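Structure record follows, encoded as structure tokens.
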Amino acid sequence: MGTLQAVKGMNDVLGEETPRWQRLEARFRERTALYGYEEVRTPIVEPTALFLRSIGETTDIVEKEMYTFADKGDATLTLRPEGTASAVRAYLEHTVYAKQPVTKWTYTGAMFRRERPAKGRYRQFHQAGAEVYGDPGPYVDAEMIDMIVAFLADIGIRDIEVLVNSLGGPETRPAYTTALVAYLSPLRASLCGDCQRRIDTNPLRVLDCKVEHDRAVAAQAPSVVEFLTPADKEHFDNLQRTLDALGTPYRVEPRLVRGLDYYTRTLFEVKGRGGGLGAQDTVCGGGRYDGLVEQLGGQSTPAIGFAMGIERLLMMMEQPVAQPNIDVFIIAASPAELVEATKIARDLRQGGVRTDADLRGQSMKSQMRRADKSGARLALVVGSDEVTRSVVQLKDLIEKTQTEVPRADLLPRVRATLALVEAK
Ligand code: ATP
Ligand code: MG
């Protein structure tokens, strides 16, 4: 039997990668907490109908990327391809709208899309995202974009480009779509097969095509900004005024559209320039979706959200110097001291010191090797004589010094040494 492997496009995270994920997630929690967001955790599997009704039947995700399966019985379930639909479902299911006028939620977690795997494009990937319900913007829109820029700086990503656009509301969309179809129709034969279909099913999606020739066609298309109603235009102007006031860098990109159907008005994207990600350089996508809550059965509720691809962010973060994950390594001179070694380790941990020990009864030499490799600053040697006299030998593995320390003084001594190291 061959060795088992992970599903194509789905990755393990281990070794030195894990602390980087943890750091990113911690910074995201801290940054969003500063803005009053609360975390929401929803199931990874949802009824397929939720995504059909929200993302849109003629989007790439719904047409070809969803992992959908029949549950026992006749329910059709789907692994979530994105987070907004589930958040809206939870918002309605728990009547959150009745409890607070404005709701600010964040989430992080795995998403699933059956795409062709490439660098920065996976079948299981992870997003960190946020949603705000109950505020029509545009000030909260600017606040959200500014928060994203601040978070990216928190994790060391500063070489970015923020693109903003407005798709307008329900009145703008039909007029713009008509103009777009009039522009695209004569060019139909030159477009890719998908786009030829999109002209009839979902013309806006042509602007989001990744085929080079189609991108050139999209670049000349009429601009949605010219079709905005006065109210839509005022919204968009105020968004830009607020971003200007905050000093948030951005560029208006009138042909920016995004892959999901539910967007209205504010739309934005953040591209990162580091990381060699090529076409996968979009680290964040977001926008307003004022019609979605109603579309899913709720009261009309303005809403806006964004999602960032964690794998892509990690590729753009600088590689930090690997940090040791323990501070003290305990060595038992012989198996007779293993009980004592276990106890000393427990006491140090209770005192908040990251401690490891080799409890397999190996030779001193082999334990010393492991201590050196562990990256621990300190090693503690416990022999029978030490147990009798209630002391330990404390070795500083960097300074190459050894001191005898009474057991009663051990914790403060270890802490003091480590604090000195940290202060340097
Ligand atoms: P793309 O145009 O790159 O396919 P998208 O428009 O499908 O992205 P969204 O649905 O807006 O992306 O998701 C937001 C973010 O999630 C993206 O900007 C990207 O960083 C990340 N992302 C989306 N799909 C994948 C994937 N298959 N693998 C890794 N990250 C992804
Ligand atoms: Mg995509």
Exercise. Using θ = phi - 60° and the Karplus form 6.51 cos²θ - 1.76 cosθ + 1.60, what ³J(HN,Hα) does each residue of region 94-108 get, whole Hz, x for Gly and Pro?
Worked result: 9, 6, 4, 4, 7, 9, 8, x, 10, 10, 10, 10, 10, 8, 9
Exercise. If ligands, DNA and RNA are left out, what is the accessible area of E311 with a 1.4 Å probe, given in Å² to the nearest 10?
Worked result: 30 Å²
Exercise. Out of P101, P254, P335, any idea which swings most in a Gaussian network model of the chain, alpha carbons joined below 10 Å?
Worked result: P335
Seminar exercise, completed: A correct Karplus calculation of ³J(HN,Hα) over region 81-86, with 6.51 cos²θ - 1.76 cosθ + 1.60, θ = phi - 60°, whole Hz and x for Gly and Pro, returns x, 6, x, 5, 4, 5
Problem set entry | Residue (of G278, G2, L24) at the positive-pole extreme of the chain, dipole from beta-carbon charges | G2
Seminar exercise, completed: Taking Cα atoms only, helix 139-154 is inclined relative to the longest principal axis of the chain by an angle, in degrees rounded to 10, of 40 degrees
Seminar exercise, completed: Across Q127, Q240, Q100, the residue with the highest GNM fluctuation in the chain (Cα network, 10 Å cutoff) is Q100
Seminar exercise, completed: Taking a straight Cα-to-Cα line shorter than 18 Å from K72, and setting aside same-chain aspartates and glutamates fewer than 8 residues away, one finds E46
For this session: Mind grabbing the accessible area of T78 for me, 1.4 Å probe, Å², rounded to tens?
Result: 0 Å²
For this session: Could you give me the radius of gyration and the Dmax of the chain, taking only the C-alpha atoms into account and expressing both in angstrom?
Result: 27.8, 93
Exercise. Under a 1.4 angstrom probe, counting protein chains only, how are S185, S366 ranked by accessible area, largest first?
Worked result: S185, S366
For this session: Could you state the accessible area per residue of the chain in Å², with a 1.4 Å probe and every protein chain left in place?
Result: 49 Å²
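A 22 angstrom limit on the alpha carbon distance is what I want to check against. Which of K64/K210; K119/K210; K119/K271 exceed it?
none
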Exercise. Of the beta bridges DSSP finds with both residues in region 1-141, what % are antiparallel, to the nearest 5?
Worked result: 90 percent
For this session: Specify the angular offset, from 0 to 90 degrees and rounded to the nearest 10, of the alpha carbon long axis of helix 338-350 from the longest principal axis of the alpha carbons in the chain.
Result: 50 degrees
For this session: Would you mind telling me the share, in percent, of accessible area of the chain contributed by carbon and sulfur at probe 1.4 angstrom?
Result: 52 percent
Exercise. For A303, what charge total do you get from the other residues with a beta carbon under 9 Å from its beta carbon, if Lys and Arg give +1 and Asp and Glu give -1?
Worked result: -2
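How much FRET efficiency would the formula 1/(1 + (r/R0)^6) give for D154 and D347, where r is the Cβ-Cβ distance and R0 is 30 Å, rounded to 0.05?
After rounding, the FRET efficiency stands at 0.25.
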Seminar exercise, completed: Taking a straight Cα-to-Cα line shorter than 28 Å from K400, and setting aside same-chain lysines fewer than 8 residues away, one finds K343, K365, K373, K424
Exercise. With θ set to phi - 60° and the Karplus curve 6.51 cos²θ - 1.76 cosθ + 1.60, what are the ³J(HN,Hα) couplings of region 9-26 in order, to the nearest whole Hz, using x for Gly and Pro?
Worked result: x, 10, 10, 8, 10, 8, x, 5, 5, 4, x, 5, 4, 5, 5, 4, 5, 5
For this session: Please get the size of the charge dipole for the chain, origin at its Cα centre, with Cβ charges of +1 on Lys and Arg and -1 on Asp and Glu, quoted in debye to the nearest 20.
Result: 1080 debye
For this session: Hey, for a label at A322 modelled as a point 7 Å past Cα toward Cβ, could you say which residues of region 349-378 have their backbone N under 16 Å away?
Result: 370-377
Exercise. What is the spread of the Cα atoms of region 127-180 along each of their three principal axes, largest first, in whole Å?
Worked result: 43, 27, 21
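The values are calculated or read from the model by the stated rules, or taken from the named source; none is laboratory data. Note that the structure is a prediction, hence the values are computed from the model and not measured. Neighbour counts run over all protein chains shown; Cβ positions are idealised from the backbone, glycine included. Keep in mind that these areas ignore ligands, DNA and RNA; they rest on the heavy atoms of the full protein, side chains included. Shrake-Rupley method; radii C 1.70, N 1.55, O 1.52, S 1.80 Å.
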